[in-house]
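Q: Structure provided below as structure tokens; questions to follow.
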Amino acid sequence: MIAGFGELGEALRRSTVQIRNRRGSGGGSGVVWNANGLIVTNAHVIGRAEAASVELWDGRTFEAEVKARDERRDLASLRIHAGQLQPATIGDSSRLRAGELVIAVGNPLGFTGAMSTGVIHAAGPMNGLGRRTWVQAGIRLAPGNSGGPLADSLGRVIGINTMIVSGGLALAVPVNTVRAFIDAGPSAGLGVTVRPVRVPQRRKLGLLVLEVNPGGPADAASLMAGDILTGADGTDFSAIDDLSDAIERSAGRLLALRFMRGGLDRTREVRVDLAWKVAA
């Protein structure tokens, strides 16, 4: 027998947690992935913290350890010491179709367990956001929904709500990407946060370094915030995903990064690490 809409919403609420960053720089929502205390959320919800506070639907609060973080896919997993939790039912994001009803649950603007509904617009890349796939939905979200579940009409989680783009379109990380993140283990990374920019004098794409993680591979290679990455291993960047592709190809070896600093072209060799806590 198919559960009623109210029952679906209540089940999703019991599988949704509120996350507070211990550094006080943010917070949001998360999804109970299994009954043994594994929680999935966005990497930007926890920031650089190694621990966070997790509040369950029934008001119980636990200290959570950050187990894995992948900033490229904006995903993180946390572990709390609690058992017999109510995990979310996980769906299949490869089967989504435009027009399907979706449900989001989260903690926007301090409203615990708020639920909203909408429809799928598409599942695929977004202009300006590289080649990665997003679940795109017309649904009302607000700060605090990040990291919470986006579910189908049967209550199966098909994405992790991540951001709102122009026109109010909500983007979620597909749950199949989340499953791969949970199953795959460490991912390759440089330890940088970048933003695509145009380099007029070179007439090509650059990736502006916004932040360099202390102690990471990029830091060891003396890269700095303000540098503009322009290529790797002799090939110019033409899309934001080119850096990610170069990182994955170079895991465990030296990657020759070309960049601009003070208007001058430079090159640094960077050893790409496999790391749980940092991923470019």
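Q: Between residue 232 and residues 5 or more places away or on another chain, which pairs have amide H atoms under 5 Å apart, with H built 1.01 Å from N, and which residues are they?
A: The list, which skips near neighbours in sequence, is 237, 258.
Q: Under 12 Å from a point placed 7 Å out from the Cα of residue 48 along the Cα-to-Cβ direction: which residues of segment 114-153 have their backbone N that close?
A: Residues passing the 12 Å test: none.
Q: Hey, another quick one. Quick one: what are the phi-derived ³J(HN,Hα) couplings along segment 211-224, Karplus 6.51/-1.76/1.60 with θ = phi - 60°, whole Hz, x for glycine and proline?
A: Rounded to whole hertz, the list is 8, 10, 5, x, x, x, x, 5, 5, 5, 8, 6, 6, 9.
Q: Under a plain spin-label model, where a point goes 7 Å from the Cα along Cα-to-Cβ, how far apart in nm are residue 126 and residue 235?
A: The answer from the label model is 2.6 nm.
Q: Related question: So what is the 222 nm mean residue ellipticity for the chain from helices alone, if each DSSP H run of at least 4 adds -39500 (n - 2.57) and you divide by all residues, rounding to the nearest 500 deg cm²/dmol?
A: -3500 deg cm²/dmol, from helical runs alone.
Q: Report the extension gain between residue 254 and residue 119 in nm, rounded to one decimal, defined as 0.36 nm multiplied by the number of residues separating them, less their alpha carbon distance.
A: Result for the pair: 44.1 nm of gain on full extension.
Q: Evaluate the Debye formula for segment 23-79 with equal point scatterers sitting on the alpha carbons, no solvent, and hand back log10 of I(q)/I(0) at q = 0.19, 0.22, 0.24, 0.26 Å⁻¹, in q order, two decimals.
A: -0.59, -0.80, -0.96, -1.12
Q: Given a cut-off of under 8 Å on Cα pairs at least six residues apart, what relative contact order in percent is computed for the chain?
A: Averaging sequence separation for qualifying contacts and normalising by length gives 15 percent for the chain.
Q: What translational D, rounded to a whole number of µm²/s, comes out for segment 105-153 from Stokes-Einstein when the hydrodynamic radius is the Kirkwood one over Cα pairs, at 4 °C and 1.567 mPa s?
A: Using the Kirkwood radius from Cα pairs, D works out to 109 µm²/s.
Q: Additional query: In a solvent-free Debye calculation with one equal scatterer on each Cα, what is log10 I(q)/I(0) for segment 55-116 at q = 0.12, 0.23, 0.29, 0.30 Å⁻¹, listed in the order of the q values?
A: Computed log10 I(q)/I(0) values: -0.48, -1.31, -1.22, -1.22.
Q: Evaluate 2.2 N^0.38 Å with N set to the residue count of segment 26-148, then give the Cα radius of gyration divided by it.
A: For segment 26-148, the normalised Cα radius of gyration is 1.09.
Q: Using the per-residue mean of other Cβ atoms lying within 10 Å as a proxy for protection, in what order, highest first, do the peptides 76-87, 155-166 fall?
A: Averaged packing, sorted descending, gives the order 155-166, 76-87.
Q: Give me the percent of accessible area attributable to carbon and sulfur for segment 129-274, probe 1.4 angstrom.
A: 51 percent
Q: Give or take rounding to whole Å, what are the principal axis extents of the alpha carbon atoms in segment 174-264, in descending order?
A: Answer, in whole Å and largest first: 43, 27, 22 Å.
Q: Right, next: In angstroms, what radius of gyration and Dmax does the chain have, counting Cα atoms only?
A: Rg, Dmax (Cα atoms, Å): 19.4, 67.
Q: Kirkwood Rh over Cα pairs of segment 123-207 into Stokes-Einstein at 25 °C, 0.890 mPa s: D in µm²/s?
A: 164 µm²/s
Q: Next question. Provide the FRET efficiency to the nearest 0.05 for the residue 63-residue 180 pair, computing r from the beta carbons and using R0 = 35 Å.
A: It comes to 0.80.
Q: Hey, another quick one. Out of residues 5 or more away from residue 67 or on other chains, whose amide H comes under 5 Å of its own, with H placed 1.01 Å from N in the peptide plane?
A: Under 5 Å from the amide H of residue 67 lie the amide H atoms of 77, 78, 79, each far enough along the sequence or on another chain.
The values are calculated or read from the model by the stated rules, or taken from the named source; none is laboratory data. Since the structure is predicted, the reported quantities are computational estimates derived from the model, not experimental observations. FYI the Cβ positions are ideal-geometry reconstructions off the backbone, even for glycines, and counts take in every protein chain you see. What goes into the accessible areas is simple: the full protein's heavy atoms, side chains included, and nothing from ligands, DNA or RNA. Shrake-Rupley method; radii C 1.70, N 1.55, O 1.52, S 1.80 Å.
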